[in-house]
Amino acid sequence: MIERLLTPKQTGELLQVSVETLANSRCTGTGITIPFCRLSKKAIRYKESDIEAHIKSHTYSHTGQAMEVL
């Protein structure tokens, strides 16, 4: 079964960030570093499992934990 792919707009809405933020992250390799698929020159998609993994890896129980990562 093929995994669900989300557009940058759908991904941005899910993460509550702009499409521009995702584009900047793709270009610079910094910020929100979620792997993406380039289906054509303009068609970018994100795997739902990669988005979930990103959320899980950036989930903390207190702010001290988040600061340890930085």
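Structure above, values below:
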{"read-out": "In Å², nearest 10: area of residue 26 left accessible to a 1.4 Å probe", "value": "60 Å²"}
{"read-out": "Rel. contact order, % - alpha carbon contacts under 8 angstrom, at least six apart, the chain", "value": "31 percent"}
{"read-out": "16 Å cut-off, amide nitrogen to a point 7 angstrom out along residue 9 Cα→Cβ, residues in segment 19-33", "value": "19-23"}
{"read-out": "Dipole in debye (nearest 20) - the chain, about Cα centre, beta carbon charges: Lys, Arg +1; Asp, Glu -1", "value": "400 debye"}
{"read-out": "Span per principal axis, largest first, for the Cα atoms of the chain (Å)", "value": "41, 30, 18"}
{"read-out": "Qualifying GluC sites (Glu not before Pro) in the chain, DSSP loop, other Cβ atoms within 10 Å at most 15", "value": "3"}
{"read-out": "Charge tally in the Cβ shell below 15 Å around residue 38, where Lys, Arg are +1 and Asp, Glu are -1, residue 38 excluded", "value": "+4"}
{"read-out": "Approximate spin-label separation residue 17-residue 37, in nm, with each point projected 7 Å along Cα-to-Cβ", "value": "2.1 nm"}
{"read-out": "Heavy-atom accessible area ranking, 1.4 Å probe, most first, across 56, 42", "value": "42, 56"}
{"read-out": "Per residue solvent-accessible surface (Å²) - the chain, probe of 1.4 Å", "value": "77 Å²"}
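The values are calculated or read from the model by the stated rules, or taken from the named source; none is laboratory data. Source: prediction; values computed, not measured. Neighbour counts are summed over all protein chains in view; Cβ atoms, including those assigned to glycine, are modelled from backbone coordinates with ideal geometry. The accessibility values were calculated without ligands, DNA or RNA, using every heavy atom of the protein model including side chains. Shrake-Rupley method; radii C 1.70, N 1.55, O 1.52, S 1.80 Å.
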